[in-house]
Amino acid sequence: MTRIDPHSYFDDSQPRTQSWHLRLRVDFDRKVLEGEVTLVFPGTGVAGTLDLDTKGLAIHRVYVTATAAPLPFELGEEDPILGRRLRLHIPPNTMGITLAYETSPEALGLQWLSPQQTAGGKQPFLFSQCQAIHARTLVPCQDCAVARVSYDAEITVPDGLTAVMSAGPDGLASAAPGWRTFKFKMPQPIPSYLLALAVGELEGRDVSPRVRVWAEPATIEKAAWEFAETEAFVGKAEGLFGPYDWDRYDMLVLPPSFPYGGMENPRMTFLTPTLLAGDRSLVDVVAHELAHSWTGNLVTNATAEHFWLNEGFTVWAERRILRVLHGEAAEMLGWAIGQKALDESLERFAEQPELTKLRTHLEGIDPDDAFSSIPYEKGARFVVALERAVGEAAFAGFLKAYMQHFRFQSITTEQFCTFVEAQFPGLLTRVNAEVWLHEPGLPADAPRFVSPVLETLTALAKGWPEGLRPSESQLQTWNTSELLIYLQQLPRDLSTEDCQWLDAHLALTQRGNFEILVEWLGLAAGIGFTPVFERVRQVLSTVGRMKYVRPLYQALGKTPAGRALAREVFATAAPSYHGLTRRVAEGVMAKYAE
Ligand code: BES
Ligand code: ZN
């Protein structure tokens, strides 16, 4: 037996699933998906032991698809991270097996929203988030990125609701009165973590022939405007990596409890509504998710231990797209904001330095707990180091060759290194790849990004205690990134008067731009500045994006009044949080002083 992924029961020596045929009914009353999946095998069929991943699934029945002959199954012990292994013994020449099952209302890969948690307030909403290892809470499957599958699906939902998936739409099937069945087809083989489904009152708006934005009717106008430049992003990304291979690039704006900024579900990127700033200032997330169409979805990390291959390259690409479209200064500010995130992650993992390596070892560690800015920002800096060592032109050629060579494959850091060595003999040694990949922290000679704008902002912020203040004209002309960097660089021990000054001059508490707002709220709540408490309560009661929830609960932890607020908000809001968000908040509060 050969298990290659510490987070999956997938066994390399067993038959591999080629495609899934999903037939699921979305039951909002019971908060479950219920139905069948057929796992289709390649060629003339397979035989032997097959281990699948499941978590929280109730398996009703397993049978050979062609003959309906029942197949006995064994469910293993529950592992808190992996879930339960489902072992089957497949008879000779089996072309497909079908599992009848239902999900658990607690499935971590799903969030069931009440109408009150949506913009429209009338219909319920459901969305999935399968990365890193939650596909197994939706479907019994080989939940390892190496076992790629194509899929088709029939999703039955109550009348009045629309289903979208990480797949192409394939029309409607007939359904019982009161229900509608949406059909989907994903012909390209994807890793299981890219399975995605959302159901709600949805409307679509084209922003170009191959780009459509989906959102609730109440949000669609704003969303279509915010992401109107996406087609230009696709063009630039094709310039970097080669042709876009997924037909359409559509996006779905979710309700605010969505735990991430964005998720690169193929053909249907999922986005947080906190990006709807009204000025297109947060579209770097779209550039990022789009770039994953190549780095991540086309060439995929084999397991979470190689996550930097996905995120490091994608952050690099995101900033390159922004450089071309918004200028070098914009790119530079992106790197500066990233540096701050990187420093904070290095600090957060001071006691677990092995999690600051690029190539990680995650046996016994939940990938959601290992998540940080390290694979993103350290990874992207490693890509820059490679690029600088060979020059931009040679690196551009390398990227296209890399995509071409590994397209529709899921690879390890070691496979990546072998490929680099073949393309550029000696390069890995020259850039000290060993240290980048296998040592904790940031190499001493890691690329640093400096620019005059950045230096001015930093000096101004650091000079706060000496009485330095931004001028009227600076206050008026800073863009989102500039203001964000200024706030990030301010000392953390401001006084009440300092906070009053900032809020009076910058109207921070009322901002609708979440990057600015949350940076400010964290700063002010951290010193117990009570005028922001109501706004913090509001944000923590509605927004589930972990990037915002974590620092706000952390900031509240610094004062007794803050801790009281945190506990009060959590007690009320926790039942409506996404499972992942709830875990993050609980984790932060567990470290509170008293
Ligand atoms: N693929 C990630 C989100 C993710 C990672 C979900 C790991 C679950 C496990 C996505 O592409 C991402 O990185 N999102 C960022 C965007 C940012 C870096 C521009 C986010 O959500 O903030
Ligand atoms: Zn990403």
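The selection criterion, being among the small types (Gly, Ala, Ser) and buried (at least 21 other Cβ atoms within 10 Å of the Cβ), does not hold for Gly239. In region 465-490, the qualifying residues are those that are of a type outside the set (S, T, N, Q) and more than 30 Å from the chain's Cα centre (by Cα), and the one that is nearest to Leu276 (Cα to Cα) is Leu475. Going by the structure shown, is Thr496 at pLDDT 95 or above and closer than 14 Å to Leu523 by Cβ? Here the answer is yes, as Thr496 does meet what is asked. Considering only residues in region 105-126 that are in contact (Cβ under 8 Å) with a residue 60 or more places away in the chain and surrounded by 24 or more Cβ atoms within 10 Å (Cβ to Cβ), the one that is nearest to Gly56 (Cα to Cα) turns out to be Leu110. Based on this model, can you work out whether Met268 counts as buried (at least 24 other Cβ atoms within 10 Å of the Cβ), outside the structural domain of Tyr151 (by TED's automatic domain parsing), away from ligand 2 (no atom under 13 Å from the Cβ) and modelled with pLDDT of 95 or more? So Met268 passes the test.
Taking the criterion of being near ligand 1 (Cβ under 10 Å from one of its atoms) and either aliphatic (A, V, I, L, M) or touching a residue at least 24 places away in the same chain (Cβ under 8 Å) (or both), the residues of region 258-273 that qualify are Phe258, Pro259, Tyr260, Gly261, Gly262, Met263, Glu264, Asn265, Phe270, Leu271, Thr272. Within region 357-375, if we keep just the residues that are within 19 Å of the chain's Cα centre (by Cα) and within 12 Å of Leu442 (Cβ to Cβ), the residue that is farthest from ligand 2 (Cβ to nearest atom) turns out to be Leu358. Taking the listed residues Leu457, Leu428, Leu494, the one that is touching a Phe, Trp or Tyr at 6+ places or on another chain (Cβ under 8 Å), in a helix (DSSP H, G or I) and aliphatic (A, V, I, L, M) is Leu457, with no other qualifying.
Would you confirm whether any residue within region 539-554 is closer than 17 Å to Ser257 by Cα, outside any helix (DSSP H, G or I) and out of contact with any Pro (no Cβ under 8 Å at 6 or more places or on another chain)?
No.
Scanning region 1-41 for residues that are outside the structural domain of Ser192 (by TED's automatic domain parsing), acidic (Asp, Glu) and either under 21 Å from Leu172 (Cβ atoms) or assigned to a strand (DSSP E or B) (or both) yields one hit, Asp11.
Test Val285 against the stated conditions and say whether it is within 12 Å of ligand 1 (Cβ to nearest atom), surrounded by fewer than 21 Cβ atoms within 10 Å (Cβ to Cβ) and outside the structural domain of Ile133 (by TED's automatic domain parsing). Yes, satisfied.
Applying the criterion of at least 2 residues that are within 16 Å of ligand 1 (Cβ to nearest atom) and buried (at least 18 other Cβ atoms within 10 Å of the Cβ) to the helices (runs of 4 or more DSSP H) found wholly in region 298-416 leaves 307-326, 328-348, 367-370, 379-390.
In region 175-195, the count of residues that are closer than 18 Å to Glu289 by Cβ, touching a Leu at 6+ places or on another chain (Cβ under 8 Å) and crowded, with 20+ Cβ neighbours inside 10 Å is one or more. Restricting region 105-162 to residues that are under 30 Å from Ser174 (Cβ atoms) and among the β-branched types (Val, Ile, Thr), the residue that is farthest from ligand 1 (Cβ to nearest atom) is Thr156. Out of (1) among the hydrophobic types (A, V, I, L, M, F, W, C); (2) assigned to a loop (DSSP other than H, G, I, E, B); (3) within 16 Å of ligand 1 (Cβ to nearest atom), the odd one out for Ala176 is which? Answer for Ala176: the failing condition is (3). The set of residues in region 435-465 being of a type in the set (Val, Ile, Thr), buried (at least 16 other Cβ atoms within 10 Å of the Cβ) and at pLDDT below 95 consists of Val453 alone. Here is a check on your reading of the model: is Tyr249 free of Cβ contacts under 8 Å to residues at least 60 places away in the same chain and crowded, with 21+ Cβ neighbours inside 10 Å? When the stated conditions are applied, Tyr249 passes them. Contact map, region 136-150: first residue on the phi < 0 side of the Ramachandran plot, second residue of a type in the set (Asp, Glu) and part of a loop (DSSP other than H, G, I, E, B), Cβ cut-off under 6 Å, separation 6 or more or different chains; pairs are Arg136/Asp143; Cys144/Asp5.
The values are calculated or read from the model by the stated rules, or taken from the named source; none is laboratory data. Just so you know, these numbers come straight off a predicted model, no measurement behind them. All Cβ positions, glycine included, derive from the backbone under ideal geometry; neighbour counts span all protein chains shown.
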